[in-house]
Amino acid sequence: MTLKETVNQTDLAAPSPHQEALGLTPGQAALKRARHHLGLQLGLGMLLVMGVFALLAPWLAPHDPYLQNLSLRLLPPAWVDGGQWHYVLGTDHLGRDYLSRIIYGARISMMIGLGAATIGALIGVTLGIIAGYFGGWLDQAVNFLVTCQLAVPSLLLIMTLVFVIGQSITVVIFVIGATHWVFYLVVTRAATLRIRELDFVAAAGAMGASKWQIAVKEILPNLVNQIMVIFTLEVAVAILNEATLSFLGLGVPSPIPSWGLMIAEGKTAMFFQPWLVILPGIALFVLVIAINLLGDGVRDVTVTNRRS
Amino acid sequence: MSTESLLEIRDLSVTLPTDSSALRAVRGVSLDLRRGETLGIVGESGSGKSMTALALMNLLPPAARRQAAAIRFGDDDLAAMGEKDLAGRVRGRRIGMIFQEPMTSLNPVYTIGRQLIETMTIHGGTSVAAARRRAIELLEKVGLPDPASRLKQYPHEMSGGQRQRVMIAMALMNEPELLIADEPTTALDVTIQAQILHLLSELQRELGMAMILITHDLGVVSRAADRIAVMYAGDIVETGTTEAVLSAPRHPYTQGLLECVPGYREASARRLGSIPGIVPSMTGEIRGCAFAARCPRAVPRCHQEDPPRRPVAAGQSDGAARSFVCHDPEETRGRGFAGGDTATGPAIRRGGDSVLRVDDASCTFSVRRGLFGKRKPLRALDRVSLDIRKGEVLALVGESGCGKTTLTRTIMGLQTPDAGTVTLAGRPLGEQPARQRARLIQPIFQDPYSSLNPRQTIGDLIRRPLVINRLGDAREQRARVHRMMDYVGLPSRVFNSFPDQLSGGQRQRAAIARALILDPEIVICDEPTSALDVSVQAQILNLLLDLRDELDLTYLFVTHDLSVVRHLADRVAVMYLGEIVECGPGEQVLNRPKHPYTRALLDSALSIEPSLGVPAPDLAGDFPNPMNRPSGCPFHPRCPLADQRCRQRVPATETLDGTLVKCWKADTPPPSGPLDVRPDHNNKEDAAP
């Protein structure tokens with residue numbers, strides 16, 4: 001990647017006379033590089049398509065995802081023997097159209113994946129910067145929190161929370177997010193410990209910047225790479241976690257389709273009809289790949305650091 | 001010195017493939033080295049000097065390609081030798097190597113004894129017991145006391161100087177015929193540098209080794225090398241005896257380098273010469289002389305044709321051929337790299353009103369060893385008093401660990417002293433809000449790679465102090481940034497660049513612009529040039545002096561480089577173990593030092609004097625660990641003048657000829673003539689725990 005950037009920088013010299021004097025602003029340079037970045041475009045494209053499907057599900061889905069047709073249950077996809085083109089991806093164990101369920105499932109799964117990973121990031125990064133930058137008793141307190149979080153089995157905690165608060169999509173998002181911040185914390189805390197010793201932090205202090213200004217404006221931008229990597233991992237983890245919850249009956253309330261729930265339900269019939277697991281699995285895989293490509297791409301086009 | 005040739009390199013080239021083209025790190029280098037001789041390879045970073053040495057032993061990075069007509073070493077041709085032979089018979093056996101970083105070149109998980117013994121037994125044919133005997137003998141020789149017990153120590157138990165001594169012993173285990181020392185003293189303090197160089201030259205004489213000394217420091221090479229090869233952009237541009245090359249340089253680059261060194265010309269010159277631009281990266285097709293773009297004497301021919309290598313017919317019978325590569329050697333005496341207005345420098349103003357006072361500031365950290373270890377106090381500052389006057393350059397000198405950084409942090413208000421006060425512009429620093437303090441005092445740091453936030457563009461970086469202090473609207477701020485960039489000589493096209501797209505010198509300029517944009521009274525320069533190449537150092541020093549005159553600044557200049565101090569300081573303060581041991585007018589302190597430590601520092605500083613050797617070190621041992629402060633005068637364990645009184649009682653500060661000194665023996669005249677070389681100095685090295 002590093003070499004690619006070097007090459008790209010040579011053609012950054014913009015023809016516009018005003019910008020020739022200053023060079024491109026970071027935003028313009030990133031856009032320009034994004035135009036040559038296939039991975040970023042691919043990831044963004046895939047995510048956009050999935051987003052459109054999720055938003056326009058009522059119009060794009062060929063059938064009602066809740067409509068059961070028990071006489072046509074466990075149909076294989078159309079291209080397999082015994083399939084019908086009426087149900088392109090077949091039907092599930094209750095005879096519901098699988099394609100429609102996957103399209104509707106995109107809504108729930110993307111919401112849960114992105115939402116929970118974001119909430120986790122907010123908690124973990126905030127605590128990580130506080131622990132790393134301020135140190136002292138704050139650091140010890142945060143570390144104690146981490147130890148507690150790691151000591152209690154997270155599934156047990158989630159189950160308790162959902163049971164106490166009640167069962168809804170919002171609750172699932174918050175509960176999963178609130179139990180998946182340890183990675184963020186560990187990584188940002190370590191990076192902050194390293195960064196706070198660098199001279200530019202001392203320079204900001206000497207300019208009269210407050211501690212919060214330093215934490216937000218000087219340290220946080222340098223953590224973006226690490227945060228992005230963990231974010232892409234956590235999206236997948238959150239979606240699968242929701243599947244586990246749904247499997248236990250604590251996740252998304254039952255008739256609502258979500259990919260995780262579909263995988264969980266499909267498991268019972270997996271040996272007769274593997275497509276029930278494979279198809280939502282593929283959808284999940286594509287979503288995670290898209291987020292990964294996008295994350296890597298954004299990092300590549302925004303980072304200029306050729307050294308690290 | 002025997003005249004037998006030991007090493008003969010012909011037409012050595014190293015190419016490193018990059019994505020777009022090949023980087024030609026070394027381009028057709030030819031070198032000769034005789035037995036017992038020291039060859040100094042000098043050059044700035046990126047000139048290919050380390051690559052040349054690594055290519056000798058085929059230790060290049062995996063992708064690099066090496067080509068050579070011949071590398072004759074004794075009777076062998078290293079260019080034709082296979083990897084197995086090279087590893088088994090030459091590397092570490094006939095050619096020893098010392099690296100720059102003593103902290104990282106020893107394996108931290110093995111005892112030094114094991115590492116030393118292994119270098120010998122790994123080649124086979126030596127018993128462990130014999131290797132052990134040899135290790136003890138060599139550790140003794142490199143000046144480590146009680147060598148037998150040292151063998152059981154781990155690298156972290158030793159100080160930097162001691163580790164470098166171990167590295168030297170390790171390189172000597174197999175009695176190599178050639179020792180390659182790659183910047184052996186760059187990471188060490190000046191006093192330790194002198195000790196190590198002295199040790200190297202003594203050992204070399206004793207063992208009859210040849211040595212290749214790679215360094216960027218012309219002072220070091222002038223003292224330690226018999227012959228010099230000056231490298232630029234992968235080629236040797238000038239070579240000859242040290243004396244001849246340094247006293248009458250023929251190539252414009254050699255000349256330029258020398259002009260850049262503070263104190264090489266007259267000490268009175270206000271501006272240093274400087275070489276414009278930076279070392280080019282040698283990718284793609286190279287036409288003409290690689291130096292042409294930076295050369296003030298370049299003629300059209302220089303850009304088109306490769307310059308010929310011209311021997312200088314000095315009629316030297318010993319075959320130490322002197323040659324250089326340049327089209328236009330005759331004009332050597334004409335246009336040079338003069339920094340310009342040497343005469344028009346404004347009168348030096350000194351002794352204005354005091355703008356900043358430090359009174360009896362002390363700073364103690366408590367350090368805990370391990371999780372349950374006892375907390376021990378580390379006194380970083382011990383009742384320091386200092387006074388900075390309007391318009392002056394006050395140099396703060398001392399070795400690493402002496403508390404310089406703590407003092408500057410205290411002055412900037414980033415560290416609150418336990419006792420004592422800092423008064424800035426008539427008011428105690430502690431009472432002033434951070435933003436008000438920021439507008440009076442600004443720092444410039446040593447390492448421009450870590451002092452600029454890699455995620456901010458140069459324009460944003462320089463503007464940041466204005467944003468934090470809410471000065472002016474966005475348009476006004478931008479205008480000020482552009483004006484400032486102009487002042488410090490940054491082209492406006494880097495406005496939207498990130499720091500890593502700039503060269504080291506440009507980054508330091510950006511750091512200077514950021515410090516000056518608030519229009520501060522005092523600028524604290526913390527070793528602002530020690531991370532830069534000599535030619536860039538000169539540019540930055542000139543810039544700092546110009547800016548002082550234009551913007552009416554006061555500098556507190558923290559450095560360990562005494563030639564820089566001599567060049568620009570009005571007053572000098574010398575620090576040792578958290579105390580200021582001597583403070584007074586620059587001339588006074590540098591020419592008639594009162595404190596033995598100042599004297600030792602001055603003796604250890606290596607100015608360019610080809611006729612002089614490396615001075616025998618006068619200072620015993622290493623810088624002590626600040627955790628175990630010696631009793632009495634903290635300097636007494638290393639002091640040649642110390643007696644009973646020094647060991648027991650802390651000296652008070654007294655004034656002698658306008659200089660503040662903290663020493664019982666300050667009025668004792670310095671030992672005349674050559675410094676007393678105390679025969680037992682090696683045995684007193686007991687400083688680090």
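So, of the residues in segment B:524-534 that are surrounded by fewer than 23 Cβ atoms within 10 Å (Cβ to Cβ) and within 12 Å of chain A (Cβ to nearest Cβ), which turns out to be nearest to B:GLY263 (Cα to Cα)?
B:GLU527
Within segment B:492-506, can you find the residues that are more than 11 Å from chain A (Cβ to nearest Cβ) and assigned to a helix (DSSP H, G or I)?
B:GLY504, B:GLY505, B:GLN506
Mind listing whichever residues of segment B:257-312 are touching a strand residue (DSSP E or B) at 6+ places or on another chain (Cβ under 9 Å), of a type in the set (A, V, I, L, M, F, W, C), modelled with pLDDT under 80 and part of a loop (DSSP other than H, G, I, E, B)?
First, the residues of segment B:257-312 that are touching a strand residue (DSSP E or B) at 6+ places or on another chain (Cβ under 9 Å): B:257, B:279, B:281-284, B:286, B:289-291, B:306-312.
Cutting the leftovers down to of a type in the set (A, V, I, L, M, F, W, C) gives us B:257, B:279, B:282, B:286, B:289-291, B:312.
After this cut, where a residue has to be modelled with pLDDT under 80 as well, the list is B:279, B:282, B:286, B:312.
Those that are touching a strand residue (DSSP E or B) at 6+ places or on another chain (Cβ under 9 Å), of a type in the set (A, V, I, L, M, F, W, C), modelled with pLDDT under 80 and part of a loop (DSSP other than H, G, I, E, B): B:VAL279, B:MET282, B:ILE286.
Within the bounds of segment A:147-156, is there any residue that is surrounded by 21 or more Cβ atoms within 10 Å (Cβ to Cβ) and in contact with a helix residue (DSSP H, G or I) (Cβ under 9 Å, 6 or more places away or on another chain)?
Step one: filter segment A:147-156 for residues surrounded by 21 or more Cβ atoms within 10 Å (Cβ to Cβ), giving none.
No: segment A:147-156 contains no residue that is surrounded by 21 or more Cβ atoms within 10 Å (Cβ to Cβ) and in contact with a helix residue (DSSP H, G or I) (Cβ under 9 Å, 6 or more places away or on another chain).
Return the total of residues in segment B:52-66 being surrounded by fewer than 24 Cβ atoms within 10 Å (Cβ to Cβ) and within 15 Å of B:THR215 (Cβ to Cβ).
1
Considering only residues of segment B:494-518 that are out of contact with any helix residue (DSSP H, G or I) (no Cβ under 7 Å at 6 or more places or on another chain) and not polar (S, T, N, Q), which is surrounded by the fewest Cβ atoms within 10 Å (Cβ to Cβ)?
Among them, the one singled out is B:ASP500.
Just to verify a result, which residue in segment B:405-414, among those that are closer than 19 Å to B:VAL355 by Cα and buried (at least 19 other Cβ atoms within 10 Å of the Cβ), is nearest to the other protein chains (Cβ to nearest Cβ)?
The initial filter retains those residues of segment B:405-414 that are closer than 19 Å to B:VAL355 by Cα, namely B:407-414.
Within this subset, residues satisfying the condition of being buried (at least 19 other Cβ atoms within 10 Å of the Cβ) are B:407-413.
Values: B:LEU407: 14, B:THR408: 10, B:ARG409: 8, B:THR410: 12, B:ILE411: 10, B:MET412: 5, B:GLY413: 8 Å.
So the residue we want is B:MET412.
One residue is enough: does segment B:199-220 have a residue meeting the conditions closer than 24 Å to B:SER13 by Cβ and part of a helix (DSSP H, G or I)?
No; the residues of segment B:199-220 include none that is closer than 24 Å to B:SER13 by Cβ and part of a helix (DSSP H, G or I).
Taking only segment B:498-508 into account, find how many residues are modelled with pLDDT of 85 or more and over 17 Å from B:ASP533 (Cα atoms).
The total comes to 2.
Could you list, in sequence order, the residues of segment B:552-576 that are of a type outside the set (Ser, Thr, Tyr), outside any strand (DSSP E or B) and under 19 Å from B:ILE192 (Cβ atoms)?
B:HIS560, B:ASP561, B:LEU562, B:VAL564, B:VAL565
Could you check how many residues of segment B:425-463 are part of a loop (DSSP other than H, G, I, E, B) and either in contact with a Pro (Cβ under 9 Å, 6 or more places away or on another chain) or more than 7 Å from chain A (Cβ to nearest Cβ) (or both)?
Within segment B:425-463, residues that are part of a loop (DSSP other than H, G, I, E, B) and either in contact with a Pro (Cβ under 9 Å, 6 or more places away or on another chain) or more than 7 Å from chain A (Cβ to nearest Cβ) (or both) number 17.
Identify all residues within segment A:56-110 that are surrounded by 13 or more Cβ atoms within 10 Å (Cβ to Cβ), without any contact (Cβ under 8 Å) to a residue 24 or more places away in the chain and outside any loop (DSSP other than H, G, I, E, B); write none if there are none.
The answer is A:LEU72, A:GLN84, A:THR91.
For B:MET209, indicate whether it is more than 28 Å from B:GLY46 (Cβ to Cβ) and either in contact with a Pro (Cβ under 8 Å, 6 or more places away or on another chain) or acidic (Asp, Glu) (or both).
So B:MET209 passes the test.
Every residue in segment A:161-184 that is among the aromatic types (Phe, Trp, Tyr) and in a helix (DSSP H, G or I), please.
A:PHE163, A:PHE174, A:PHE183, A:TYR184
Scan segment B:464-480 for residues that are away from every other protein chain (no Cβ under 11 Å), out of contact with any Leu (no Cβ under 8 Å at 6 or more places or on another chain) and assigned to a helix (DSSP H, G or I) and jot them down.
B:ALA474, B:ARG475, B:GLU476, B:ALA479, listed by residue number.
Could you figure out which of (1) modelled with pLDDT of 85 or more; (2) crowded, with 19+ Cβ neighbours inside 10 Å; (3) closer than 29 Å to B:GLU202 by Cα isn't true of B:GLU44?
Tallying (1) modelled with pLDDT of 85 or more; (2) crowded, with 19+ Cβ neighbours inside 10 Å; (3) closer than 29 Å to B:GLU202 by Cα, B:GLU44 fails exactly one: (1).
Considering each of B:MET81, B:MET170, B:MET97 in turn, give the residue that is in a loop (DSSP other than H, G, I, E, B) and within 25 Å of B:MET211 (Cβ to Cβ).
Exactly one residue qualifies, and that residue is B:MET81.
Collect the residues in segment A:208-223 that are of a type in the set (A, V, I, L, M, F, W, C), assigned to a helix (DSSP H, G or I) and free of Cβ contacts under 8 Å to residues at least 12 places away in the same chain, keeping them in residue-number order. Can you show your working first?
Kept after step one, since they are of a type in the set (A, V, I, L, M, F, W, C), are these residues of segment A:208-223: A:209, A:212, A:214-216, A:219-220, A:223.
Restricting the remaining residues to those that are assigned to a helix (DSSP H, G or I) gives A:212, A:214-216, A:219-220, A:223.
Of everything in segment A:208-223, those that are of a type in the set (A, V, I, L, M, F, W, C), assigned to a helix (DSSP H, G or I) and free of Cβ contacts under 8 Å to residues at least 12 places away in the same chain turn out to be A:TRP212, A:VAL216.
Could you say whether any residue in segment A:198-207 is at positive phi, within 12 Å of chain B (Cβ to nearest Cβ) and not in a helix (DSSP H, G or I)?
Within segment A:198-207, none of the residues are at positive phi, within 12 Å of chain B (Cβ to nearest Cβ) and not in a helix (DSSP H, G or I).
The values are calculated or read from the model by the stated rules, or taken from the named source; none is laboratory data. Not measured: the values here are computed from a predicted model. Cβ: placed from backbone, ideal geometry, glycine included. Neighbour counts: every protein chain shown.
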